[in-house]
Every structure is written in C-alpha cells, then in structure tokens.
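Enquirer: Could you have a look at this structure, given as structure tokens, before my questions?
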Amino acid sequence: MKTLRIATRKSPLALWQSEHVADRLRAAHPGLTVELVPMSTRGDEVLDRSLAAIGGKGLFLKELELAMLRGDADCAVHSLKDVPMELEPGFMLPAILTRADYADAFVSNHFANIAALPEGARVGTSSLRRQAQLRALRPDLRLADLRGNVNTRLAKLDAGEYDAIVLACAGLQRLGFDDRIRDRLQAPHWLPAPAQGAVAIECRDDDVATRALCARLDDADTRTCAEAERAMNRALHGSCHVPVAAFARLQAGQLHLAGLVGSASDGVIVRAQGEGAGHAPEVLGRDVAAQLLAQGAGELIAASH
Ligand SMILES: NCc1[nH]cc(CCC(=O)O)c1CC(=O)O
C-alpha cells in the first residue's frame, strides 16, 4: 500500500486526532502517503439536539464506516469513548493509542473548583455521567445542558451562560486550551467515561494491509485498561449516553478497575472496584459490573433512558 486514507469527522478535535494519527503513521512507515478524508456525520448535524433522544449509538461512526465499505477510505479515527461497546460486524480496532489525560476538567472564569461554587451555581454539561457526579457532590447546583464541540462549549461559558462547565482534559489539551483547566477531577473520587482520553483507529476486518500498518501504533497497556472499562460498560448495557463511569490502571501486570453508575436526577451513586490479572481485562470488567448490578445499577441505567 502506498497511500492510506483516513476518514474523519470535521470538528476541530476530530481533525486534530486524525492529523496526529496521520503523523504517527508517517513516522512509523517512511514512504507511506497518508491523507485525511473529512466527512460530516449525522452525529455532527444533530449536535444541538439530544443524541440519546435520536438513537445516539454510533451516530458519529456510521458515515465513516460506510466510506470504508465503499472503499473511499481505509480507516477512521475516533475518540474511543464515543465508540459503541459493540462494533459493527466486519469492523475492528487495529490500534488504540497511548492514553492522554483521562480526567475530566472543571472550567470556570470565576471559581477554582466544584467546592468553591456558590449555592445554586449554573454548571453546563450534557453528560449524564458528569451530571450524576456533580449532583452527588453538590445537590444545590443548577445543571444545564451544554452541547456542541469543545470550542463552542468554551464560547458559551465565556458568554456568561454558565458559572462553570465540565469537559474532558484530553480534548482541551489537544486543542491548546490547557490554561482553561482550573481543576482536574480525578479518580478514585471522580471517574471519567470508559476509555476517555484514548484515540482508536477503526478499519475493516478483512483489510489485512491496513490492519498491519495501523497495528504499529497500538499501545498494549492502554488497550488492556480500555477493554476492562468497556467490558464493564458492555455488561451494564451501557453506551456513551448513560451515567456510567470507569477507570482502570495497570501496575506490574495487575489490573485495577473502579466503576460507578449514577442518577443525574437525584445524585444517587453506586460504586464498585476490583483487581484482576492484566491478561483478562474482560473478566474484571464483568466482575465489577456484576457488583454494580447487585447494588441496583440496572434500575439507575433504565431510569436514565
Ligand atoms: N463526547 C465528546 C468527546 N469525545 C471525546 C472528547 C474528548 C477526548 C477524549 O475524551 O478522548 C469529547 C469532548 C468532551 O467530552 O469534553
């Protein structure tokens, strides 16, 4: 193969991530030409409406997958946290890149952290996972919907629509907004979305040439952690549109996974954690999910739909 074409969404974050993957592929394979194929997806067209309400799952992936099936692109680059727990048949992830900052960011022009917010402050986030964790800490806050890409969300904060917003550190850092992060919301107290901060490449199962080229960018430890987090979410029948959070880390071959399920409406949260062998992330993910289900996580997830 001489040219590899990467299908990508057109948001600034998606373009950054795809350019990054393109650069890494060029460095790994001197002589290979790598091109981006920017496309709009249904997910982008409806960003201002509730993704969950219009059947959110995989909306950002579909058009990119169709391009790969047509042969207009060889692979696609995604934020792994936006990739459905079950891939479309015929597709696989030949590479999961080394995870960047996993944490959520507290961003505000007036306040240093969640505890410093005045009574009844308005906080913008459309993520049920972030809403549930905010409610649990501060039942008095007024949570408001906040949609759009990272740049749009910051502009809405600056326009005074919110006292603070919560979004992913990784997205802010990639777009050069590190200085907007007032506080990093960290594990084990505050948990991110499953696989937050990790970028993945998707390609067709049967495209062995693309698989081989992309596999050079795979980070085994990130894949192991992401598999544990995603296996937990899968066992809960979760997606990126439910109040489910998970964070795994590997230490000397030992895998540790913490997970939670919450309610965005009343701030109820159930938590579980476990440890297991680094070579069996799915077993650990299912184990932590079973602990959560035993504490009523199923009802919390059903109530969020
Ligand atoms: N849901 C949108 C989305 N998908 C990936 C990221 C950031 C990058 C990442 O988490 O890997 C974001 C923005 C956000 O949640 O603030």
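Enquirer: Residues in the range 278-296: is at least one open to solvent by 30 Å² or more (accessible area, probe 1.4 Å) and either in a strand (DSSP E or B) or within 16 Å of the ligand (Cβ to nearest atom) (or both)?
Expert: No, the range 278-296 contains no residue that is open to solvent by 30 Å² or more (accessible area, probe 1.4 Å) and either in a strand (DSSP E or B) or within 16 Å of the ligand (Cβ to nearest atom) (or both).
Enquirer: Tell me which residues, restricted to the range 7-27, are at pLDDT 95 or above and of a type in the set (Ser, Thr, Tyr).
Expert: Thr8, Ser18
Enquirer: Could you list, in sequence order, the residues of the range 172-183 that are out of contact with any Leu (no Cβ under 9 Å at 6 or more places or on another chain) and either within 18 Å of Ala272 (Cα to Cα) or within 13 Å of the ligand (Cβ to nearest atom) (or both)?
Expert: Answer for the range 172-183, where residues must be out of contact with any Leu (no Cβ under 9 Å at 6 or more places or on another chain) and either within 18 Å of Ala272 (Cα to Cα) or within 13 Å of the ligand (Cβ to nearest atom) (or both): just Gln173.
Enquirer: For Cys214, are the conditions met, namely being part of a helix (DSSP H, G or I) and either within 16 Å of the ligand (Cβ to nearest atom) or more than 29 Å from Glu275 (Cβ to Cβ) (or both)?
Expert: Details: part of a helix (DSSP H, G or I): yes; either within 16 Å of the ligand (Cβ to nearest atom) or more than 29 Å from Glu275 (Cβ to Cβ) (or both): yes.
When the stated conditions are applied, Cys214 passes them.
Enquirer: Turning to a different aspect of this structure: Find the residue count for the range 1-44, including only residues that are in a strand (DSSP E or B), under 25 Å from the mean Cα position of the chain (by Cα) and surrounded by fewer than 18 Cβ atoms within 10 Å (Cβ to Cβ).
Expert: So the answer is 3.
Enquirer: Looking at the range 69-113, which of its residues are of a type in the set (Val, Ile, Thr) and more than 17 Å from Leu25 (Cα to Cα)? I'd like the intermediate steps shown before the answer.
Expert: Of all residues in the range 69-113, those of a type in the set (Val, Ile, Thr) come to 77, 83, 96, 98, 107.
Val83, Val107, listed by residue number.
Enquirer: Something else: Hey, among the residues in the range 81-117 that are under 16 Å from Leu59 (Cα atoms) and within 16 Å of the ligand (Cβ to nearest atom), which one's least open to solvent (accessible area, probe 1.4 Å)?
Expert: Here is the first cut: in the range 81-117, the ones under 16 Å from Leu59 (Cα atoms) are 81-89, 91.
So of that shortlist, the ones also within 16 Å of the ligand (Cβ to nearest atom) come out as 81-85.
On the way: Lys81: 47, Asp82: 45, Val83: 2, Pro84: 21, Met85: 17 Å².
Per the criteria, the residue is Val83.
The values are calculated or read from the model by the stated rules, or taken from the named source; none is laboratory data. Every value quoted in this text rests on a predicted model; they were computed, and no experiment measured them. Please note: Cβ atoms are built from the backbone with ideal geometry, for glycine as well, and neighbour counts cover all protein chains shown. Ligands, DNA and RNA are excluded from the accessible area calculation, which covers all protein heavy atoms including side chains. Shrake-Rupley method; radii C 1.70, N 1.55, O 1.52, S 1.80 Å.
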